[in-house]
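The values are calculated or read from the model by the stated rules, or taken from the named source; none is laboratory data. Only a predicted model underlies this, so the values are computations on that prediction, with no experimental measurement involved. So basically every Cβ, Gly included, is an ideal-geometry build from the backbone, and we count neighbours across all protein chains shown. For the accessible areas, the whole protein counts, side chains as well, though only heavy atoms, and no ligand, DNA or RNA atoms are used. Shrake-Rupley method; radii C 1.70, N 1.55, O 1.52, S 1.80 Å.
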Amino acid sequence: MAFSRRTRQLSLGLVLVGGVALAGIVGRKGLELLTFAQAGTAYSAKVLCSGALMAGLDPQRLEREDLALGSQLIRSRIDTERQRVTATALGGLISAVAIRQANLGCSLEGRDQPLVRLPVLQRTSSSGDPMGTTTPWPLNSDATASPPVVDQARLNRALDQAFAEPDANNRPRRSRAVVVVQDGWVVAERYAEDITPTTPLVGWSMTKSLLHALIGLAIADGLMDLDQPLAPLEWSRSPDDPRASITVRHLLQMNSGLAFDELSRDLSSDLVRMLTQSDDMGIFAARQPLIAVPGQRWAYASGTTAILSNGLRRAINDDQRYWRFPYERLFDPLGMTTAVLETDASGHFVGSSYGWASARDWARFGLLYLNGGRWEGDQILPEGWSDQARRVSRGSKRNYGSHWWINRGRRHRDLPRNSFSAEGYEGQLLLVAPSHNAIIVRLGQTPQRGEFDRNRFAAAVLAALST
């Protein structure tokens, strides 16, 4: 059965992806209107496909919250029978289609090439977690023999604050899930209405840290080398191309030297064009010019992650194995049964933005890094790979390692110096706090920067935990 709705999208304020706003322009005409229509239709189709068809979220909620209230410019149609979403603008002159890829999420249909259809993967069954409990329970068998003693009243107050809506009409917070783990025990968790412990939620740029794990596994398999050049197609056409000296390490540390407009709020920025109008995001990013010597200039860029994912696919050199790789080597061993990595039209994992998992499964991933890459007695990640994530990237003001943020008393002033985190747009947070042997996950849809304070929230939670 198919049903249609008009996505009352934007005042153009908020089409946001990969940690940066697709900020719009109201009242401008011509090319700017066309640019908005192209980005907005793609974003609408993708959000509704992933959120409604894959994650099972209410389409009306997605339209109201994730797509933002505002103009009537974009119309969307969700076809539940064909598992696809079509969004149109400008009277149908501009359109975009997102298609559910079996049990591997959704992908935007290609603009210049057919969508590469993915196989149905055999996934592990449910982890058997309790569906609802206020009693601490062990996340895996590595947990201590008994749960830690925590200040439950203080912990509850921190969660109350995270879910509070002091100005829900104008500046909503919209926390959707929180999970707190200490000593391997889930000591607190809370969910918004209609969100369950098994609901996959998008991590946005937290996905970059998932890719860090996958690159480590590929290096352990001898498929990639941390300090050897990664040579996408665009760089291998000329032996004199200076981009050919860019290594895996440079890319992981956001030190590639490539131009990439990540921070601009213009709809024609590299980030927006890559995520909404590029069939092969890795090639799009690899075509950017070199503006600094590799290894010398730090610049956060989602394009570098897309290049790494492109390189991982070529290194594996077997598409079926590539598509199974995250699931067989990372998600399944950890019991991350809700985790999904979505692909672009060419079949590459986007890597920078489109990773989904329940709050509990994001916590499992954080626990893997807290425990040095070990899980239930098995060394999942290469020895030392979690430490590699925390080595300071040159030029990052000591805030960034390798696809993980590092604190060192600078990024979050009230959090432990040895803490590190995966973070994403709309207030997503996966904090690893070795000082407290703790993991904190917060997922939500906070459209305005600053309405969810990661530092304040995490500090309040840690203050309630034993040390």
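Using only the alpha-carbon atoms of segment 157-239, report the extent along each of the three principal axes, biggest first, to the nearest angstrom.
58, 37, 20
Report the net charge of residues surrounding Met54, where surrounding means a beta-carbon distance below 9 angstrom and charges are Lys +1, Arg +1, Asp -1, Glu -1. Walk me through the numbers on the way to the answer.
Details: positive: Arg100; negative: Glu342.
Once positives and negatives cancel, what remains is 0.
Counting only protein heavy atoms and using a 1.4 Å probe, what share of the accessible area of the chain belongs to carbon plus sulfur, as a whole percent? Intermediate results must be reported in sequence, preceding the final value.
Numbers: 8410 of 18000 Å².
That fraction is 47 percent.
For the chain, list the DSSP H helices whose alpha carbon atoms reach 15 Å or more along the long axis and whose average Kyte-Doolittle value is 1.0 or above? Don't jump to the answer; show the numbers that get you there.
Details: long enough: 31-48 (26 Å, 0.81); 152-163 (16 Å, -0.60); 207-220 (20 Å, 1.47); 302-316 (22 Å, 0.26); 359-370 (16 Å, 0.22).
Both cut-offs are met by 207-220.
Could you work out how far the C-alpha centroid of segment 344-384 sits from that of segment 132-188, in angstrom?
Between the Cα centre of segment 344-384 and that of segment 132-188, the gap is 21 Å.
Find the relative contact order for segment 370-443 and round it to a whole percent, using C-alpha pairs within less than 8 Å whose residues are 6+ positions apart. Let's see the in-between values first.
On the way: 128 pairs, mean separation 13.9, N = 74.
After rounding, I find 19 percent.
Give me the net charge for the shell around Glu234: Cβ to Cβ below 12 angstrom, other residues only, Lys and Arg +1, Asp and Glu -1.
Working: positive: Arg237, Arg243, Arg287; negative: Asp241, Asp280.
Around Glu234, the charge tally is +1.
Which whole-number percent is the relative contact order of the chain (Cα, under 8 Å, 6+ apart)?
Details: 1041 pairs, mean separation 88.6, N = 467.
Value for the chain: 19 percent.
Of Thr198, Thr338, which has the most accessible area with a 1.4 Å probe, and how do the rest follow in descending order?
On the way: Thr198 70, Thr338 25 Å².
The most accessible residue leads, giving Thr198, Thr338.
Have a look at segment 336-379 and give its Rg and Dmax from the Cα atoms, expressed in angstrom.
Every Cα atom of segment 336-379 included, Rg and Dmax give 12.6, 38 Å.
Cut-off 20 Å, label point 7 angstrom out along Cα-to-Cβ of Glu328: give me the residues of segment 208-248 whose amide nitrogen falls inside.
211-225
Which ³J(HN,Hα) values, rounded to whole Hz and listed in residue order, are derived for segment 408-421 from phi using the Karplus coefficients 6.51, -1.76 and 1.60 in 6.51 cos²θ - 1.76 cosθ + 1.60 with θ = phi - 60°, glycine and proline given as x?
Values, residue by residue: 6, x, 10, 6, 10, 5, 9, 9, x, 4, 8, 6, 9, 8 Hz.
Binning every alpha carbon pair distance of segment 193-350 at 10 Å from zero, what are the percents per bin?
Spelled out bin by bin, segment 193-350 gives 10, 39, 35, 13, 2, 0 percent.
Determine the relative contact order of segment 204-292: mean sequence separation of Cα pairs under 8 Å and six or more apart, normalised by residue count, in whole percent. Could you put the intermediate results ahead of the total?
Details: 72 pairs, mean separation 21.8, N = 89.
With pairs under 8 Å counted, the relative contact order is 25 percent.
Quick one: Debye curve from the alpha-carbon atoms of segment 54-176 only, equal weights, vacuum; give me log10 I(q)/I(0) at q = 0.12, 0.16, 0.17, 0.20 Å⁻¹ to two decimals.
-0.81, -1.05, -1.09, -1.21
Stokes-Einstein at 4 °C, 1.567 mPa s, Kirkwood radius from Cα pairs: D for segment 299-400 in µm² s⁻¹? Can you show the working numbers first?
Details: Rh = 15.0 Å.
Reported coefficient: 86 µm²/s.
How much accessible area per residue does the chain have, in Å², with a 1.4 Å probe?
39 Å²
Can you grab the distance from the C-alpha centre of segment 273-311 to the C-alpha centre of segment 431-467, Å, no decimals?
Rounded to whole Å, the Cα centres lie 30 Å apart.
What per residue convex hull volume, in Å³, do the alpha-carbon atoms of the chain yield? All intermediate terms of the calculation are to be shown ahead of the outcome.
Numbers: hull volume 64.2 nm³, N = 467.
Looking at the chain, the number lands at 137 Å³ per residue.
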